[in-house]
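Some notes on the structure that comes next.
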Amino acid sequence: MNPRLHEATSGRWTAGVIAGLLALTPLLGWAGALGFAPAVALAGLLTLPYVRVRTADRALLLALFTALVWACASIFWSPWRASDLEGQTGLKLVFMLALYGAAASAARAVPEARLAGLVRVLLAATVLLALLLLAEAATGAAGYKALLALAGETVRPDYAIKNVAQGLYVLTLLAPPALAATTGRTRLGLAVLLGAGIAVPAGVFGYDAPFLALACALAAAGLVLGFPARGPRVLAGLAAGAFLLAPALAKGAFVLGLDARLAPFLSESWLQRIGYWRRAVDWIWARPLPGWGLDASRAFGPGIRLHPHDAALQVWMELGLIGAVAAAIVWASIFSGLSRPARTPAAAAAAATATVYLAFGAVSFGVWQEWWLGLGALSALACILVLRARPIDVSARSV
């Protein structure tokens, strides 16, 4: 086959797969966040032949591979034993690293001529998700409940709200690249809409994490915009330090009694998290070097339910020092790779998205949850697209 024809064909295919994944994003964010796992995996499988690995990615890939090998090895001393194939986290991590990584890398294989079209799909998906969340906040998740009724299923009202609120995590991750992809009056209007799409549902549904993530995102973006070369390196150091020093910092906070001082001002969910963190720190210090093994936090109930609700503490608890060092290298590589000689909104947006992912991971999700890792790959894909594309002004057109 003619090389140019092959490149054009592969470019159309890759762009089509990415467009399909982005088009599914509002539906998955609104009605089924767990669907990000198979959706991103399928996109990775379909684009696997077009994976592009850069020399600059070697440290990142080496750290990921090291963490994967160590995690799989730690199964042998983990107190947790899965009862079926679905619970084999180590096996799933092998496939997730390959397929999710391929999906994110696919954004580099898209021809420049097709970038603008994919950016428009990203914008449309982000706007639609914001509108869906605003509508659900105004109606008490009536749309989601109606969807379940059509499917013949029932769910408690509080569970319906909880499921819909997962879309907040999706929107907060995708908002920065969506904003960086636009220019002119479009960016201002989009910022208002996306800000409302996050803040209003978060306030109505009673979720604090999106506000925390937004504050961290604004700080990270401001740092990178103000210091485009050094800002990302500072964030790299902060992220690496957060993983490496997490047990010591948490232990110090407990010794100083900060948890007791804050307790009167915290909700029940935050108090529960602090209890998890206290127990996790104790178990980490009992076995800091090898860790307790992959998925070990599942075996420490009722003190911890499923996981500690903090990524750094979970990595330390399960994979020990080696896992923490690998995680520190991964995040340091991600942030330092955004260093630029001049101010670049796309780099600032990518730093904001990475910070949002870290912020949510610090208070909400287990490190190995398939949909959460898939959403991370989708966020990386969106950032890569925006870093490669030129900002567009769609103020005179419909997004």
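When the Cα positions of 169, 311, 111 are compared along the charge dipole of the chain, 111 comes out farthest toward the positive end, with charges on each C-beta of Lys, Arg, Asp and Glu. A run of the chain free of exposed loop cleavage sites, with trypsin sites (Lys or Arg not before Pro) counted only in DSSP states other than H, G, I, E and B and at most 15 other beta carbons within 10 Å, reaches its longest extent at 82-229.
Using a cutoff of 8 angstrom between alpha carbon atoms and counting only pairs six or more residues apart, the relative contact order for region 3-388 works out to 27 percent.
Multiplying the residue separation of residue 255 and residue 55 by 0.36 nm and removing their Cα-Cα distance gives an extension gain of 67.6 nm. Once the chain from residue 215 to residue 185 is taken as fully extended at 0.36 nm per residue, the excess over their C-alpha distance is 8.5 nm. If R0 is 30 Å, the Cβ-Cβ spacing of residue 23 and residue 196 corresponds to a FRET efficiency of close to 0.85. Using the Karplus relation 6.51 cos²θ - 1.76 cosθ + 1.60 with θ = phi - 60°, the per-residue 3J(HN,Hα) values for region 378-389 come to 4, 5, 4, 4, 4, 5, 5, 4, 5, 5, 8, 8 Hz, with x marking Gly and Pro. When the chain is treated as a GNM with alpha-carbon contacts under 10 Å, the residue of 109, 175, 82 showing the greatest mean-square fluctuation is 82. Sorting 349-357, 281-289 by average packing, meaning the other beta carbons within 10 Å per residue, from highest down gives 349-357, 281-289. The H on the amide N of residue 182, modeled in the peptide plane, is under 5 Å from the matching H of 392, each at least 5 residues off or on a different chain.
Diagonalising the gyration tensor over the Cα atoms of the chain and scaling each eigenvalue by 5 before taking the square root yields semi-axes of 32, 26, 22 Å, largest first. On a per residue basis, the convex hull of the C-alpha atoms belonging to region 179-263 measures out at 132 Å³.
Taken together, the values in this text are just the output of simple stated rules run on the coordinates, not laboratory data. In this text the structure is predicted, and so the values were computed from the model without any measurement. Neighbour counts are summed over all protein chains in view; Cβ atoms, including those assigned to glycine, are modelled from backbone coordinates with ideal geometry.
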